[in-house]
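The values are calculated or read from the model by the stated rules, or taken from the named source; none is laboratory data. Keep in mind that this is a model prediction, so the values were computed, not measured. FYI the Cβ positions are ideal-geometry reconstructions off the backbone, even for glycines, and counts take in every protein chain you see.
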């Protein structure tokens, strides 16, 4: 049903397009609970919740791409650790 446009409750006015995505059931259940006004979330729709998650991920990806350009490659782990610490984020999980 691609191409159907509708207006959702985003922080700034924007149009949207309907796209189907497949999520694990447990993850979708948690997103539904959060969208209903879970512990730290305002009440909204699953679409609002997913849009905010995508928005944050895109901002993170853009910031990391910019840092990668500044360093001429991936930044050293100690630099990433310091940035995460100063941003109040938990230490990065190891890839193993």
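Key figures
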quantity	calculated
Of the criteria (1) surrounded by 13 or more Cβ atoms within 10 Å (Cβ to Cβ); (2) part of a helix (DSSP H, G or I); (3) over 14 Å from the mean Cα position of the chain (by Cα); (4) modelled with pLDDT of 85 or more, which one residue 66 fails	(1)
First in segment 48-65 and closer than 16 Å to residue 19 by Cα, second anywhere and assigned to a helix (DSSP H, G or I) and at pLDDT 90 or above, Cβ under 9 Å, 6 or more apart	49/31; 49/32; 50/31; 53/31
